[in-house]
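Let me begin by presenting the structure, written as C-alpha cells, before commenting on it.
The values are calculated or read from the model by the stated rules, or taken from the named source; none is laboratory data. This is a predicted model, so every value here is computed, not measured. Here the Cβ is made from the backbone with ideal geometry for all residues, glycine too, and neighbour counts use every protein chain on show.
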Amino acid sequence: MNTIQRVPVLMYHRVGPAHNNWERRYCVSPERFAAHMYRLAEKGMRACTLADFFAWMEGIQDLPEGSFLLTFDDGFLGVLEHAAPILTKMNWPATVFLVSSLIGKQDEWCRSQNPSGVTYPLLGREHIDAMRHMGFTFQSHTRSHPDLTTLDDDALADQLGGSRAELESVLGEPILYLAYPFGRYDERVVDAARAAGYRAAFSVQPGFNRRGVDPLRIRRLDVFGTDTPTMLARKVFFGTNDGGWRQTVRYYGDRVAQRLQLGS
Ligand SMILES: [Zn+2]
C-alpha cells in the first residue's frame, strides 16, 4: 500500500440550523454537512480513526491515499442529531472534543460570542454512550472552554488535568488528546498540556500534517457553514482555510511563473 504523505484534519463545530451570520459561520446545516461528506467521498477521500491517524504519525502504520481525520469541537447535541446518521451510513468514524464540566448542559462560553446571546445544548452522558457504539471517539476540550493563554498556572493545570480526570471517569478509558479552545495556545500552554499527560493536541493552525509534525501542535482546517462543497474540496486540496477561487488562481499562477523562470 502506498502510504499518504500528508493528512488533513477537518474541524467542525455545531451541526444544525443557524440563525444569524455568526452561527452561519460556526454551524453547518445538516444538508450542507451531508453535501460536504458526499463530495469528499466522490473525491476518493475517507475518514480514518484517531488511533489510525496517530499510528500513521508515529510511523507504526500506513494510511491509504485520501485519508483524513474528522473532528468536532465542543460536543454539540446537533452532531448526534444531524451528523451521526450520515457518518453511520458512510461508516466513517469521527472524534468529538468535549467540554467536561458542561456535559449535558449548554455552550455557556458562546453566550458572549454569539450576537443573539443564545446557547445550544451539548451532548449528555447517554448520548456519548450511544455515539461510542457508532464509531465516535471522545477527547478533551478542557473543563469550561477558556482561552488557555490567559490563565495562571494553577487554573491552567486545573483545566487540563481536571478535564482528563472528569472525562476518564465518564468514559472509563484514558484521555490522551486535547483540542485547544479557540485554537489558542503558547509555549506555556503546550508545556502544561504535556505535563498534564496529553500525548497530542489539536490547534486551528491551517495546513496539512506530515509525519514528524509536533504532536502538540497538530494542524486543522476550519470548515465553515458558509463553505460550499467546492470550497471545502479546495480547502482540503490546498491545506488552507481559504476555500475561495483566488487560491486556485494563485496556485496555478505560481506554477506557471516557476515554469517560465525555469525556461528562461
Ligand atoms: Zn471550542
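Among the residues of segment 114-135, what is the count of those that are hydroxyl-bearing (Ser, Thr, Tyr) and touching a residue at least 60 places away in the same chain (Cβ under 8 Å)?
Taking segment 114-135 and keeping what is hydroxyl-bearing (Ser, Thr, Tyr), we get 116, 119-120.
Right, trim to touching a residue at least 60 places away in the same chain (Cβ under 8 Å) and you get 116, 120.
Residues flagged as hydroxyl-bearing (Ser, Thr, Tyr) and touching a residue at least 60 places away in the same chain (Cβ under 8 Å) within segment 114-135 amount to 2.
Restricting the search to segment 1-50, which residues are of a type in the set (Lys, Arg) and assigned to a helix (DSSP H, G or I)? Walk me through it before giving the result.
Pass one, segment 1-50, residues of a type in the set (Lys, Arg): 6, 14, 24-25, 32, 39, 43, 46.
Answer for segment 1-50, where residues must be of a type in the set (Lys, Arg) and assigned to a helix (DSSP H, G or I): ARG24, ARG25, ARG32, ARG39.
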Name the pairs: first residue in segment 97-113 and on the phi > 0 side of the Ramachandran plot, second residue at pLDDT 95 or above and within 13 Å of the ligand (Cβ to nearest atom), Cβ to Cβ under 9 Å, at least 6 apart or on different chains? GLY104/LEU122
Inside segment 64-180, counting only helices (runs of 4 or more DSSP H) that do not spill past its ends, which hold 2 or more residues that are under 22 Å from PHE33 (Cα atoms)? 84-90, 125-132
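Would you check which residues across segment 59-76 are more than 13 Å from the ligand (Cβ to nearest atom) and closer than 19 Å to VAL223 by Cβ and list them?
Let us first name the residues in segment 59-76 that are more than 13 Å from the ligand (Cβ to nearest atom), namely 59-70.
GLY66, SER67, PHE68, LEU69, LEU70, listed by residue number.
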Out of the residues in segment 176-188 meeting the condition of being crowded, with 22+ Cβ neighbours inside 10 Å and either closer than 10 Å to LEU160 by Cα or free of Cβ contacts under 8 Å to residues at least 40 places away in the same chain (or both), tell me which one is nearest to the ligand (Cβ to nearest atom). TYR180
Please count how many residues of segment 1-43 are among the hydrophobic types (A, V, I, L, M, F, W, C) and either within 16 Å of the ligand (Cβ to nearest atom) or free of Cβ contacts under 8 Å to residues at least 40 places away in the same chain (or both). 7
Residue count, segment 102-126 (criterion: out of contact with any helix residue (DSSP H, G or I) (no Cβ under 7 Å at 6 or more places or on another chain) and more than 13 Å from the ligand (Cβ to nearest atom)): 9
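Could you tell me whether ALA41 is closer than 17 Å to MET90 by Cα, of a type in the set (A, V, I, L, M), touching a Pro at 6+ places or on another chain (Cβ under 6 Å) and modelled with pLDDT of 95 or more? I'd like the intermediate steps shown before the answer.
Working: closer than 17 Å to MET90 by Cα: yes; of a type in the set (A, V, I, L, M): yes; touching a Pro at 6+ places or on another chain (Cβ under 6 Å): no; modelled with pLDDT of 95 or more: yes.
In short, no.
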